[in-house]
Amino acid sequence: MKRLLMVAFLTVTATSLIASAQENQLSGLVGRTFISDQGIIGGVPPNPAVHFGNGLTFEVNYGRHLLGQGFTRLYVEVPAQFNLDEDLNGPNAVPESYKSFFVTPSARANFFAMTAINPWLSFGGGFAHFAESSNAVFFGPNPGKTGTTAGALQFGAGLDVRFKPRWMIRGGFRDFWTGTPELNVDTGKSRQHNYFVGGGIVWLFGK
């Protein structure tokens, strides 16, 4: 009985020390970005709208535990997302593609934080940068500018599953509500939703 109590005490102590040391999180995710097509005001067939592809997207995220040790834990996080090739289709005035970069410092709440499975919600804001291609969709140069920066709001939700003391699997959804890239046509829109769905790995480390 004494040995069992000693083992239990050491286990609890070690778990507490590990948990208290895991103040930081670094994650990497990969997924796709989905953007709704945008109709062109006065557009005529066969290209009356701008069509967006589903760009391969990478997320790097640093998180820092701020408050809470029980049911809910509050983190500050900095999700940075890179969409390296968002293909476009539409009239020839539209650029053939663009790259995008979003950085949105946020607050994230993890629930059931003392268990192996914790869902989370995130909200924050920052900026978005679009690097439009210098080429038009079909032929010739892009007649517009090739760099656009705008504000961005971010809402996210997901699930973390711990499979080792310092490692978790993360699946997540984020909506980056941003300004629009320079499309060189009038869609009547000044903002767009960029929906990211992806998964990856999280490393927990000390102070």
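Coordinate-derived values only; no laboratory data. It should be emphasised that the depicted structure is a prediction, and the values quoted were computed from it without experimental measurement.
Pairs of alpha-carbon atoms within less than 8 angstrom and 6+ residues apart define the contacts here; what relative contact order does the stretch 124-194 have, in percent?
Once normalised by length, the contact order is 29 percent.
For the stretch 2-205, taking the reciprocal of the average inverse distance between every pair of different Cα atoms yields a Kirkwood hydrodynamic radius of 18.8 Å. Using a cutoff of 8 angstrom between alpha carbon atoms and counting only pairs six or more residues apart, the relative contact order for the stretch 2-205 works out to 21 percent.
Given their separation in residues at 0.36 nm each and the Cα-Cα distance between them, Ser134 and Arg162 gain 5.7 nm when the chain is fully extended.
Please label the shape of the stretch 86-207 as rounded, prolate or oblate, based on the square roots a ≥ b ≥ c of the eigenvalues of the alpha-carbon gyration tensor (a/c under 1.5 means rounded; beyond that, a/b larger than b/c means prolate, else oblate). Verdict is prolate for the stretch 86-207.
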